[in-house]
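Have a look at the structure below before the remarks.
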């Protein structure tokens with residue numbers, strides 16, 4: 001019993017890392033643009049199909065495919081901000097309306113992408129049989145035996161690599177200075193000469209590029225299917241709120257907690273009920289600490 | 001230098017500024033005074049491109065800058081010290097100043113300007129590595145002023161700079177404004193502190209319900225009986 005809980009804990013931590021890796025981009029996008037990107041999951045899914053195509057057509061491993069897919073998704077993120085969100089922001093400038101249209105546009109985009117892929121690929125579950133997905137890590141300590149795919153370990157580590165990369169860009173570069181300024185006070189950044197809309201586009205691009213990297217790691221052990229995005233998209237929202245909107249360590253911490261609760265919970269109740277646990281955890285969090293565990297009021 | 005003609009602006013369908021014309025000449029200090037709700041801040045927001053201009057034109061150094069994006073207006077050489085200062089609270093004082101000179105043109109001079117600001121306001125050098133949000137009100141005002149001056153603007157616009165400052169600091173603030181002008185930057189200032197402001201202003205405008213009801217040399221307005229009654233309580 002104790003062994004199985006310990007195993008579940010380790011699997012939960014590994015899966016939680018992957019959750020964190022996926023949620024990071026969403027958190028950064030919200031922290032800078034104040035837009036909840038409901039198309040986040042769909043963009044993750046889109047990236048996994050690009051890796052799938054690269055692998056089946058050209059035999060390119062997703063880990064290598066990152067070099068090709070990430071720049072494409074960066075541009076896709078920038079374009080989303082530039083052509084869909086910024087025009088709405090400009091339209092609403094100087095009005096007192098609530099920007100509900102901003103939420104709806106990313107939601108619509110998400111559905112459009114999911115359905116497009118459903119149309120092209122159907123709802124079959126595909127896998128990418130890479131080398132990493134077939135090589136296993138085994139840890140044996142006395143009677144305790146733990147085995148997992150290397151690709152899951154890499155997905156866990158990816159959270160920290162992506163997190164560090166984003167942290168570095170935001171805190172240690174000139175671009176990051178502008179990103180933080182826009183995040184902390186958009187109007188003040190504009191009067192200092194910062195091109196706010198361009199900064200939004202860059203931040204959106206970075207967030208989507210981050211999810212593309214996470215997508216590569218995910219596709220190394222998870223199936224590729226048009227509905228995958230919805231699943232991970234929803235979880236990412238919960239994780240980001242749990243960890244603190246806009247917070248990079250928060251997204252990773254939130255992901256880990258989420259993965260652990262889900263995995264360990266499944267040891268005691270059915271796994272669908274353990275999903276429910278995570279939602280309950282999320283709702284409790286909203287009551288006791290709405291800004292999340294490591295939140296700084298929604299700023300990066 | 002700055003020439004605003006018949007400017008109309010507001011929020012949504014509500015018009016707050018009903019056709020205001022105003023000029024700032026080279027090296028002038030121009031004051032805008034008026035009661036709360038007179039449309040002073042709305043006027044500034046429209047001027048800076050933060051809300052759309054419904055009608056009228058804003059010309060700066062012969063170029064039409066009406067309704068440009070705020071950052072483009074900054075590129076033309078106008079910066080604003082906004083009401084309530086609006087610093088980047090979770091960035092250091094130095095980073096706040098850096099953002100003040102972050103366009104390709106202004107960035108070249110960043111280090112030299114920063115040094116200049118530390119000379120003008122020595123307190124900022126001591127506080128350089130501190131988060132702006134942890135500073136006192138007076139220090140925050142210094143950061144806001146320095147940040148706006150980092151880009152070597154031709155025109156500095158100040159919206160209620162004395163807001164929340166102790167009287168001694170207000171005196172220092174007005175000294176800084178005069179220093180800024182003596183170094184060749186024109187100043188457009190909105191202030192509650194009517195007497196002091198008009199005493200240093202070359203020209204003043206009185207706003208009332210979104211219109212200019214009076215204008216004149218600062219010293220003349222100071223002597224105006226109606227204005228004295230309305231704002232100075234004497």
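Readers should treat all values here as calculations from the given coordinates under stated rules, not as data from a laboratory. Note that the structure is predicted; figures quoted are calculated from it, not measured. Using ideal geometry, Cβ is built from the backbone for each residue, glycine included, and neighbour counts are taken over all protein chains shown.
Which one, A:142, A:20, A:108, has the greatest fluctuation when you compute a Gaussian network model over chain A with C-alpha springs under 10 angstrom? Judging by the Gaussian network model, the answer is A:142.
Counting only Cα atoms, I'd like the Rg/Rh figure for segment B:130-176, Kirkwood definition for Rh.
Details: Rg = 11.0 Å, Rh = 11.4 Å.
Ratio value, two decimals: 0.96.
In cubic angstrom, how much convex hull volume per residue do the alpha carbon atoms of segment A:1-88 span?
Enclosed volume per residue, from the Cα hull, is 127 Å³.
Computed over the alpha carbons of segment B:81-234, Rg followed by Dmax gives 16.7, 50 Å. With neighbours defined as other Cβ atoms within 10 Å of a residue's Cβ, the residues B:127, A:134, A:180 order from fewest to most as A:134, B:127, A:180. A simple spin-label model places pseudo-atoms 7 Å from Cα toward Cβ; at residue B:14 and residue A:67 they are separated by 5.8 nm.
Using the number of other C-beta atoms within 10 angstrom as an exposure proxy, rank A:276, B:48, B:1, A:119 with the fewest first.
Values: A:276 14, B:48 24, B:1 19, A:119 9.
The most exposed by this proxy come first: A:119, A:276, B:1, B:48.
Counted by neighbouring Cβ atoms within 10 Å, the residues B:88, A:168 run from fewest to most as A:168, B:88. For segment A:45-86, the calculated P(r) over all alpha carbon pairs, in 10 Å bins from 0 to the bin holding the longest distance, is 30, 44, 20, 6 percent. With contacts taken as Cα pairs under 8 Å at a separation of at least 6 residues, chain B carries a relative contact order of 27 percent.
Suppose we look only past 44 Å in the calculated P(r) of the protein assembly as shown. What percent of the Cα-Cα pairs does that tail hold? The partial results should precede the final answer.
Numbers: 41753 of 142311 pairs.
I get 29 percent for the Cα pairs in the protein assembly as shown exceeding 44 Å.
At the listed q of 0.13, 0.27, 0.33 Å⁻¹, the Debye profile of segment A:241-287, built from one uniform point per Cα, gives log10 I(q)/I(0) equal to -0.29, -0.93, -1.10. Note on residue A:165/residue B:103: beta-carbon distance plugged into 1/(1 + (r/R0)^6) with R0 of 30 Å gives a FRET efficiency of 0.70. Spin-label model, residue A:103/residue B:72: points 7 Å from Cα along the beta carbon direction are separated by 3.2 nm.
Note: segment B:184-228, Cα convex hull, 81 Å³ per residue.
Restricting the calculation to Cα atoms, segment B:62-152 shows an Rg/Rh of 0.99 when the hydrodynamic-style radius is the Kirkwood one. Segment B:121-171 and segment A:147-221 have their alpha-carbon centroids 32 Å apart.
Relative to the compact-globule estimate of 2.2 N^0.38 Å, the Cα radius of gyration of segment A:23-228 comes out at 1.14.
Work out how much length residue A:123 to residue A:10 would gain on full extension: take 0.36 nm times their residue separation and subtract the Cα-Cα distance, in nm to one decimal. Intermediate results must be reported in sequence, preceding the final value.
Numbers: separation 113, 0.36 × 113 = 40.68 nm, distance 3.10 nm.
37.6 nm is the gain from fully extending residue A:123 to residue A:10.
How far, in degrees from 0 to 90, does helix A:196-219 lean away from the longest principal axis of the Cα atoms of chain A, to the nearest 10? Long axis of A:196-219 versus the principal axis of chain A: about 10 degrees.
Springs join every pair of Cα atoms under 10 Å in this Gaussian network model of chain A, and among A:25, A:65, A:246 the largest mean-square fluctuation is at A:65. Specify the residue with the greatest mean-square fluctuation among B:130, B:140, B:28, computed from a Gaussian network of chain B linking alpha-carbon atoms under 10 Å apart. Of B:130, B:140, B:28, the most mobile in the Gaussian network model is B:130.
Taking 7 Å steps out from each Cα toward its Cβ at residue B:175 and residue A:276 produces label points 7.1 nm apart. Across all Cα pairs in segment A:140-272, the calculated P(r) in 10 Å bins from zero up to the longest distance comes to 10, 32, 33, 16, 7, 2, 0 percent per bin. Pairs of Cα atoms nearer than 8 Å and 6+ residues apart set the relative contact order; for segment A:23-228 it is 44 percent.
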